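These notes concern the structure reproduced below.
The values are calculated or read from the model by the stated rules, or taken from the named source; none is laboratory data. Quick caveat, the model's predicted, so the values are computed rather than measured. No Cβ is skipped: glycine too gets one built from the backbone with ideal geometry, and neighbour counts run over all protein chains shown.
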Amino acid sequence: MVNQRGGEVTEPISLNNVAVGYRRKRPVLHDITFAARRASITGLLGRNGSGKTTLIHTSLGLKKAWSGQVHLFGHAAWNAPATVRRRIGFVPQQFLDFHWLTPSQCVDLVASFHPNWDTQIVAELRERWALPDQRIGMLSPGMRQCVAVLLAIGHRPDLLVLDEPVAMLDPSARRQFLRAIGDLNAQIRQTVLLSTHVCSDVERICSDVAILHRGRIVLHSAIDDLKEQVRRVSGMATVPTGGDVLAKVGPRLWLRNWRNHDLSAAARVDEFDLEQLFLDITA
């Protein structure tokens with residue numbers, strides 16, 4: 001897809017038939033086709049060990065795919081030019097911080113490389129998170145993660161990628177952090193890719209969800225579409241065939257386009273529940 005700005009490919013991240021592995025052993029990711037919509041917040045949802053970090057590293061050109069195509073803003077990710085890299089902010093699971101610096105010193109250092117640094121956004125988030133200005137090495141893991149986010153968003157990236165960013169935060173800080181990411185997306189319309197294994201994180205701020213299971217994207221959709229089109233159905237006389245069956249656990253089916261199927265009077269239809277769908281689809 002092409003937009004009106006010089007023929008740029010619409011999706012900030014795009015993968016097509018991608019396979020990835022380590023040391024030529026069996027692949028970790030299989031036949032991945034995935035794209036993040038512009039200005040969306042996509043939750044990459046998967047159990048621990050499902051390949052989320054590998055997918056993120058491959059998407060950003062930090063790991064080379066065995067096969068398939070990976071693009072960032074229309075450029076091959078593996079050798080994307082600096083003009084593309086400058087449009088990206090990345091927060092890894094482990095922040096390799098400048099532990100001897102304070103957050104202020106660290107922010108000033110990184111800001112010196114970016115002429116478009118947004119001092120106001122960084123200051124607002126620091127105040128919201130009550131980030132103490134002591135040496136980073138003395139901060140809690142959650143506070144160090146907040147510093148990493150400040151460094152990633154200060155240059156107002158068009159694409160923000162967060163790998164399990166709230167794993168080390170307490171529940172209150174977790175909610176505040178996710179709310180800040182949602183507010184930032186609404187303000188500057190950046191694209192966000194957020195990996196997690198917690199469904200409530202996705203439900204809280206994400207517009208889209210992609211479920212990764214055993215190295216494959218088994219579901220990718222706008223959450224509003226899932227709420228409208230997907231139901232858990234039990235008691236059907238016959239099991240439908242084709243792509244509308246998302247998961248089957250015992251007598252229960254997760255059906256897409258459920259209204260298009262001939263449900264018997266005895267069939268039970270349950271409302272959409274992302275956590276239950278995730279548990280069943282990755283069972």
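Looking at the structure I just gave you, is Asp133 surrounded by fewer than 17 Cβ atoms within 10 Å (Cβ to Cβ), under 24 Å from Asp118 (Cα atoms) and more than 16 Å from the chain's Cα centre (by Cα)? Outline the logic, then answer.
Numbers: surrounded by fewer than 17 Cβ atoms within 10 Å (Cβ to Cβ): yes; under 24 Å from Asp118 (Cα atoms): yes; more than 16 Å from the chain's Cα centre (by Cα): yes.
The answer is yes for Asp133.
I need the full set of residues from the range 76-114 which are among the small types (Gly, Ala, Ser), over 21 Å from Leu169 (Cβ atoms) and touching a strand residue (DSSP E or B) at 6+ places or on another chain (Cβ under 8 Å), in order please.
If the condition is that a residue be among the small types (Gly, Ala, Ser), over 21 Å from Leu169 (Cβ atoms) and touching a strand residue (DSSP E or B) at 6+ places or on another chain (Cβ under 8 Å), then Ala76, Ala77, Ala80 are the ones that fit.
In this structure, is Val209 in contact with a Lys or Arg (Cβ under 9 Å, 6 or more places away or on another chain) and either crowded, with 21+ Cβ neighbours inside 10 Å or not in a helix (DSSP H, G or I) (or both)? Can you show your working first?
Numbers: in contact with a Lys or Arg (Cβ under 9 Å, 6 or more places away or on another chain): no; either crowded, with 21+ Cβ neighbours inside 10 Å or not in a helix (DSSP H, G or I) (or both): yes.
Taking the combined requirement at face value, the residue does not satisfy it.
Just checking, how many residues over the range 20-36 are assigned to a loop (DSSP other than H, G, I, E, B) and touching a helix residue (DSSP H, G or I) at 6+ places or on another chain (Cβ under 6 Å)? Spell out how you get there, then give the answer.
Of the residues in the range 20-36, the ones assigned to a loop (DSSP other than H, G, I, E, B) are 21-28.
With touching a helix residue (DSSP H, G or I) at 6+ places or on another chain (Cβ under 6 Å) added as a condition, the list becomes 28.
Number of matching residues: 1.
Restricting attention to the range 128-145, and to residues there that are part of a helix (DSSP H, G or I) and either of a type in the set (Lys, Arg) or modelled with pLDDT under 90 (or both), which single residue is farthest from Gly61 (Cα to Cα)?
Within the range 128-145, the first condition is being part of a helix (DSSP H, G or I), and the residues that meet it are 128-129, 136-138, 141-145.
Among the residues that remain, those that are also either of a type in the set (Lys, Arg) or modelled with pLDDT under 90 (or both) are: 128-129, 141-145.
Working: Arg128: 32, Trp129: 31, Pro141: 27, Gly142: 27, Met143: 27, Arg144: 25, Gln145: 22 Å.
By that ranking, first place goes to Arg128.
Looking only at the range 221-244, filter to residues that are out of contact with any strand residue (DSSP E or B) (no Cβ under 6 Å at 6 or more places or on another chain) and aliphatic (A, V, I, L, M); which one of those is nearest to Thr282 (Cα to Cα)? Give the derivation first.
From the range 221-244, those out of contact with any strand residue (DSSP E or B) (no Cβ under 6 Å at 6 or more places or on another chain) are 221, 224-228, 236-243; that's our starting set.
Retained after the next criterion (residues that are aliphatic (A, V, I, L, M)): 226, 236-237, 239.
Details: Leu226: 17, Met236: 22, Ala237: 25, Val239: 20 Å.
Among them, the one singled out is Leu226.
Scan the range 59-108 for residues that are within 25 Å of Arg144 (Cα to Cα), in a strand (DSSP E or B) and either more than 20 Å from the chain's Cα centre (by Cα) or not assigned by TED's automatic domain parsing to the domain that holds Arg24 (or both) and jot them down.
Listed by number, the list is empty, since nothing qualifies.
Table: residues versus (1) of a type in the set (Asp, Glu); (2) out of contact with any helix residue (DSSP H, G or I) (no Cβ under 7 Å at 6 or more places or on another chain); (3) surrounded by fewer than 17 Cβ atoms within 10 Å (Cβ to Cβ).
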| residue | (1), (2), (3) |
| --- | --- |
| Ala152 | no, yes, no |
| Leu162 | no, yes, no |
| Leu169 | no, no, no |
| Ser172 | no, yes, yes |
| Arg175 | no, yes, yes |
| Ala180 | no, no, no |
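Note down all Cβ pairs under 7 Å where the first residue falls in the range 140-158 and is under 19 Å from Ile88 (Cβ atoms) and of a type in the set (D, E, K, R), the second is modelled with pLDDT under 95 and assigned to a helix (DSSP H, G or I), and they're at least six residues apart or on different chains.
Arg156/Ile188
Does Ala247 satisfy the criteria of being in contact with a Phe, Trp or Tyr (Cβ under 9 Å, 6 or more places away or on another chain), modelled with pLDDT of 90 or more and assigned by TED's automatic domain parsing to the domain that holds Val20?
On the way: in contact with a Phe, Trp or Tyr (Cβ under 9 Å, 6 or more places away or on another chain): yes; modelled with pLDDT of 90 or more: yes; assigned by TED's automatic domain parsing to the domain that holds Val20: no.
For Ala247, the condition - in contact with a Phe, Trp or Tyr (Cβ under 9 Å, 6 or more places away or on another chain), modelled with pLDDT of 90 or more and assigned by TED's automatic domain parsing to the domain that holds Val20 - is not met.
May I ask you to say which residue of Arg135, Arg128, Arg144 is more than 21 Å from Phe177 (Cβ to Cβ) and assigned by TED's automatic domain parsing to the domain that holds Thr58?
Working: Arg128 fails: more than 21 Å from Phe177 (Cβ to Cβ); Arg144 fails: more than 21 Å from Phe177 (Cβ to Cβ).
Residue meeting the stated conditions: Arg135.
Could you check, for the range 199-212, whether at least one of its residues is in the same structural domain as Ile181 (by TED's automatic domain parsing), of a type in the set (Asp, Glu) and under 24 Å from His30 (Cα atoms)?
Yes.
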